[in-house]
1. On full extension of the chain, what length is gained from GLU83 through GLN44, given 0.36 nm per residue of separation minus the C-alpha to C-alpha distance?
2. Heavy atoms only, probe 1.4 angstrom, no DNA, RNA or ligands counted: give me ARG65, ARG9, ARG22 ranked by accessible area, highest first.
3. Where in the stretch 36-69 are there GluC sites (Glu not before Pro) that are in a DSSP coil and have at most 14 other Cβ atoms within 10 angstrom of their Cβ?
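The values are calculated or read from the model by the stated rules, or taken from the named source; none is laboratory data. Because the structure is predicted, anything quoted here is derived from the model rather than measured. Cβ: placed from backbone, ideal geometry, glycine included. Neighbour counts: every protein chain shown. Protein only, heavy atoms only, side chains kept; ligands, DNA and RNA dropped before computing areas. Shrake-Rupley method; radii C 1.70, N 1.55, O 1.52, S 1.80 Å.
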Amino acid sequence: LLDRYSGVRWPRQSAGAWIAFRDGLDIMDTDRFSVAEHGELSLQSQWWLTSEYPQISSSHTNVKRAKSICASHAEQGCKIDDETHLLAGPMNQRHVAGSSVQ
């Protein structure tokens, strides 16, 4: 569908359309997913020495937090297929069996 509709600039030119909604469930978002409800967020110690942005650790508390957030969105289809790659970063998630989080 993308190849059919992506070149259309004005709505009046389109014979149809498609739309996709996606909600990113970011365990680092403590404003949206409170620590009180979903558990502590564990960051790598001294992340500021190696990165411009905070980095999560691969601790058990972060896995529990991710499971809690996903469970609260189960009605929308959230599921975790492969916990081993859940917190290992975006490049490691290329080797996931199934989807890490859907």
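1. Values: separation 39, 0.36 × 39 = 14.04 nm, distance 1.87 nm.
So the chain would gain 12.2 nm between GLU83 and GLN44.
2. On the way: ARG65 0, ARG9 175, ARG22 210 Å².
Largest accessible area first, the residues go ARG22, ARG9, ARG65.
3. On the way: sites: GLU37, GLU40, GLU52; in loops: GLU40, GLU52.
In loop regions of the stretch 36-69 (DSSP not H, G, I, E or B), the sparsely surrounded GluC sites (Glu not before Pro) are GLU40, GLU52.
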